[in-house]
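Each remark here refers to the structure printed beneath this line.
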Amino acid sequence: MLIVAEREIANLMTQEAAFDAVEKVFAAMAAGDARNFPVVREAIGHEDALYGFKGGFDRAGLALGLKAGGYWPNNLEKRGLINHQSTIFLFDPDTGKVRSMVGGNLLTALRTAAASAVSISHLARADARVLGMVGAGHQATFQLRAALKQRSFDKVIGWNLHPEMLPNLEAVATQAGLPFEAVELDGMVAADVIISITSSFDAILSADQVSPGTHIACMGTDTKGKQELDPRILAGAAVFTDEVAQSVALGEAQHAVARGLIKPSDITQLGAVINGTHEGRSSDDQITLFDGTGVGLQDLAVAAAVVDLAVEAGVAIEVDF
Ligand code: NAD
């Protein structure tokens with residue numbers, strides 16, 4: 001078995017490698033070659049922790065396994081550890097023997113940023129210039145960095161419920177040589193691409209704050225009850241997702257579907273656009289929306305890529321198991 005420690009991931013994994021891995025696995029999902037298994041997420045009754053498994057099998061990429069982990073809200077205060085903790089396990093699909101164990105914390109941020117970047121690459125207008133960020137927490141900086149690579153953006157604008165966090169975004173924009181402007185939500189009408197990545201349980205963006213032709217990557221809503229957008233935005237948009245069942249059950253589309261504003265059959269897997277079986281954006285005026293819910297196959301894809309990189313770099317730890 002090969003072990004790739006969490007501390008090695010930052011030196012090994014690039015945004016580009018994460019983008020390629022996620023794009024490929026979305027394509028495999030849409031082609032019917034890869035599927036996610038039902039997600040388990042449980043309150044364990046200890047340390048207020050939520051723990052679970054996201055697994056799947058990609059027959060095209062031969063990645064079989066799961067991400068195990070969750071959220072320990074007391075970690076930072078009590079132990080100086082980050083609250084989100086996860087580890088990815090890969091198994092040999094020919095024999096079932098465990099093949100690798102990979103630190104999953106940084107990889108989760110990279111694969112989530114890669115998902116919205118893939119959506120921007122395939123769905124945003126080619127002439128998109130202004131990137132709007134709703135949210136400025138841990139994930140937001142990864143999202144912003146990966147998104148900036150996808151179009152010739154010339155400005156970043158941002159809104160956050162807690163404005164004291166906005167310098168997180170400004171630092172990334174400045175590093176990329178772009179101006180940053182903090183805006184009110186009404187200011188988002190200037191954005192050509194909007195990424196929402198918050199922990200909100202109520203709609204933040206309303207329909208009149210989104211201009212025609214915008215691409216929205218809605219990334220924060222990954223649990224039943226969470227919400228970032230007015231459901232009417234989805235009703236007026238071409239809606240894409242990583243996985244339709246998850247989008248309807250716990251993604252942003254849960255609200256629009258529950259209110260009868262859209263049907264599950266109105267939602268398209270992003271992989272179909274990647275594979276060329278769906279045209280994607282149909283006009284410059286259309287609003288396109290990616291409901292990025294986060295699937296286990298994304299984790300397996302980036303973990304498999306990082307194991308190859310670790311072997312190449314000579315930092316994978318081999319254990320006879
Ligand atoms: P974080 O705690 O670092 O930041 C939270 C962000 O949400 C901050 O910008 C904060 O100001 C904002 N926020 C908090 N409460 C809010 C409210 N009531 N209304 C509006 N904004 C609010 O968290 P993070 O690590 O950046 O994660 C952000 C979200 O992304 C979480 O909901 C997380 O579950 C989700 N997430 C999704 C995926 C995916 O694959 N789709 C993957 C990882 C994380």
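What follows draws every value from the coordinates through simple rules; no lab data is involved. Quick caveat, the model's predicted, so the values are computed rather than measured. Counting neighbours? That spans all protein chains shown, and the Cβs are built from the backbone with ideal geometry, glycine included.
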I'd like the antiparallel share, as a percent to the nearest 5, of DSSP beta bridges with both residues in the chain. 50 percent
Starting from the 7 Å offset along Cα-to-Cβ, what nm value, one decimal, do you get for the label separation of A235 and S265? 2.0 nm
Spherically averaged projected area in nm², based on the convex hull that wraps the Cα atoms of the stretch 55-139: 8.1 nm²
Grab the beta carbon distance between T174 and T223, set R0 = 41 Å, and tell me the FRET efficiency rounded to 0.05. 0.80
Please give the calculated 222 nm ellipticity per residue for the chain, where each DSSP H segment of at least 4 residues contributes -39500 (n - 2.57) and the sum is spread over every residue; nearest 500 deg cm²/dmol? -10000 deg cm²/dmol
By Kyte-Doolittle mean hydropathy of at least 1.0 and Cα axial length of at least 20 Å, which whole DSSP H helices of the chain are selected? 296-313
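Compute the signed sum of charges (Lys and Arg +1, Asp and Glu -1) over the other residues within less than 9 Å, Cβ to Cβ, of F89.
Around F89, the surrounding residues sum to +2.
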What is the P(r) of the stretch 213-321, as percent of Cα-Cα pairs per 5 Å bin from 0? 2, 12, 19, 20, 14, 9, 7, 7, 5, 4, 1, 0
Counting other beta carbons within 10 Å of each Cβ, put D92, D48 in order, fewest first. D48, D92
Taking other Cβ within 10 Å of each residue's Cβ, how do H278, H138 sort, fewest first? H138, H278
In the stretch 233-321, the GluC sites (Glu not before Pro) that fall in loop regions by DSSP, at most 16 other Cβ within 10 Å: E279
Give me the dipole magnitude in Debye, nearest 20, for the stretch 85-178 about the Cα centre, with unit charges on the beta carbon: positive for Lys and Arg, negative for Asp and Glu. 180 debye
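So how strong a dipole does the chain carry about its Cα centre when Lys and Arg Cβ are +1 and Asp and Glu Cβ are -1, to the nearest 20 debye?
Numbers: 24 positive and 39 negative charges, 75 e Å.
In debye, rounded to 20, the chain gives about 360.
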Looking at the chain as a GNM with Cα springs under 10 Å, which of D230, D20, D202 has the largest mean-square fluctuation? D202
What distance in nm lies between label points placed 7 Å from Cα along the C-beta direction at S152 and D320? 5.9 nm
Taking Cα pairs closer than 8 Å and at least 6 residues apart, the relative contact order of the stretch 125-294 in percent is 21 percent
How much FRET efficiency would the formula 1/(1 + (r/R0)^6) give for E184 and L76, where r is the Cβ-Cβ distance and R0 is 30 Å, rounded to 0.05? 0.45
Take the chain, connect every pair of alpha-carbon atoms lying under 10 Å apart with a spring to form a Gaussian network, then pick out the residue of T141, T293, T95 with the largest mean-square fluctuation. T95
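Using a ≥ b ≥ c from the Cα gyration tensor of the stretch 103-255 (square roots of the eigenvalues), is it rounded, prolate or oblate, where a/c under 1.5 gives rounded and otherwise the larger of a/b and b/c decides, a/b for prolate? Can you show the working numbers first?
Details: a/c = 1.35, a/b = 1.20, b/c = 1.12.
Rounded is the answer for the stretch 103-255, as its axis ratio a/c remains below 1.5.
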May I ask you to sort L309, L297, L123, L161 by Cβ crowding, counting other Cβ atoms within 10 Å and putting the fewest first? L161, L309, L123, L297
Can you tell which of R79, R259, R125 shows the greatest fluctuation in a Gaussian network model of the chain with Cα springs below 10 Å? R79
Relative contact order [Cα under 8 Å, 6+ residues apart], the chain, whole percent: 22 percent
Relative to a virtual label point 7 Å from the Cα of S206 in the Cα→beta-carbon direction, which members of the stretch 157-184 show backbone nitrogen distances below 15 Å? 184
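Let's see if you can work this out: charge +1 on each Lys and Arg Cβ, -1 on each Asp and Glu Cβ, no other charges. What is the dipole magnitude of the stretch 125-294 about its Cα centre, in debye to the nearest 20?
About 320 debye.
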I need the fraction of alpha carbon pairs in the chain separated by more than 32 Å, rounded to a whole percent. 25 percent
